[in-house]
């Protein structure tokens, strides 16, 4: 009797320990009979489904499932009881659990079975895998984002093995180096980097592979045309699962423009330094000026060089410098006064360049440099100098003209390479088509003794012509694949900036410009650089047409207004030249058609392509009035 009591006590203790273990388990544990009735449930399972433990006892396990899983569960129970075979017994699977409030959550189910007193019982171990699923989804999203970054980034990426041989590049790297992926992959880095820069780059490469230390370097890459691309490389070592170095991953950023800007800035600083060192020995106007509260300006001091540079006497500007401002070019005087007022509001140093109508030497370019000094009465006294920079401005204009000529030559090279590529791609299918057509012609001339061969020749000819058409189609798809980044822009502001830039560069010559800008014009959705390029091309075309016609005067009129449909802005550029011939107007937007001796015939073609890529239109209008008229439209930006 005592032995039975001890056994019962021990059994109760074992049951208590087991129940404690089950209740403290982080996974849910549910036991059900072969009819699917819940017999036991631990606390984790009850919490997981939002029930109290007692609420689940005696209920069907179907209460924890959605309808779709209930049907599968009932069918599985019947099949298992009938056959004793199951693909899920002893394994785990993911499914959706149903909480008490009707919401679902992802869980992992591991199913086991035991038999007691001839009855089958099933034990399910449940794990809420919501965190895992979210982590997997986040990892998948990050992977997709990373892949998109590699595809769309403006940074070139390249992977090379420890010998410096490239085995992967992204599209941007191909674009930067002007080579195809097939050409680059398998190529040695040493064959791409300028020979003067490679020794240093190679040393950093080896050090990175051996030590794992990242490196940043600037070097020049050799382009197919022999040019050089300045790039900044950020490189890190790649390792396999065992930690062994397998190569490097480098991010390549184009810094060519920055290098050129640094060079230009360096040259400009050197120039300014030289000018400063010889300022005392050259006829520059050293002076002071004061801005009165009423907006007038006086120069209490001006060096004797004012006579040569400004054509004025020091006494003339001592009490009132209005005569000086009266000789500033009308197109510049408003900007000069505005920049002075802006500098005074800081106060900040004032520096500006403007055109000045010298009484003896005609129009000259002057540049002023002044520093503010606050006086005891709170006013500002500016000290600095005015210098004649006419020759420097002419040099800058010539440099910009040289750059324009370089860009023209570059465009010509691109056009040449494009034509060669198209001819190469079309040559094979067109040659094959011609051969098949010739064979068919011979069959026909011979009385067509072999109809099957005639049909074959014609079919093959059609197929080859189709291949040629596909080549053209794929080329256009590639050209149009780029995405244009747009932003809300003020068209009136862009027109002012373009005309101001052309006037400063001297491209307007002696021709006048008239702007008829609409008030309260809504912003358009466009790319600033693209719109500026199109406007510059249209205005310069008009100026060149008037100049080539021998005109010494005339005007370029730029009109901005809302289109007739009201859904876009319309810009009209009209010159006073000889206008367009009817035949020229029909072909003016055709590639390589030009009326200029040195023209490429691509300016208007590219301009129309840029405008149409924005969803707008560009066209020429034939009018009875003198001159050529071009219209373009840009869609208004959508309200946020």
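Here are the numbers for this structure:
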{"item": "Exposure proxy order (Cβ contacts within 10 Å, fewest to most) of 286, 248", "result": "286, 248"}
{"item": "Cα-based convex hull, the range 153-258, per residue volume (Å³, whole number)", "result": "96 Å³"}
{"item": "Intensity falloff of the range 284-388 expressed as log10 I(q)/I(0), Debye formula with alpha-carbon point scatterers, at q = 0.11, 0.15 Å⁻¹", "result": "-0.29, -0.56"}
{"item": "Debye intensity ratio I(q)/I(0), log10, the range 487-635, q values 0.11, 0.15, 0.16 Å⁻¹ (C-alpha model)", "result": "-0.39, -0.75, -0.86"}
{"item": "Taking 614, 72 and counting other C-beta atoms within 10 Å, the order from fewest to most", "result": "72, 614"}
{"item": "Label-point separation in nm, residue 269 to residue 101, each point 7 Å along Cα→Cβ", "result": "6.4 nm"}
{"item": "Long-range Cα-Cα pairs in the range 110-203 (distance over 17 Å), rounded percent", "result": "69 percent"}
{"item": "The range 210-224 and the range 600-640: distance between their alpha carbon centers, rounded to Å", "result": "44 Å"}
{"item": "Distance from the range 491-524 to the range 56-72 (C-alpha centre basis), Å", "result": "75 Å"}
{"item": "Separation between Cα centres of the range 535-587 and the range 280-349, rounded to whole Å", "result": "38 Å"}
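FYI, it's all coordinate maths here, none of it is from the lab. The shown structure was predicted, so the numbers you read here are calculated from the model rather than taken from an experiment. We place every Cβ from the backbone using ideal geometry, glycine too, and count neighbours over all the protein chains shown.
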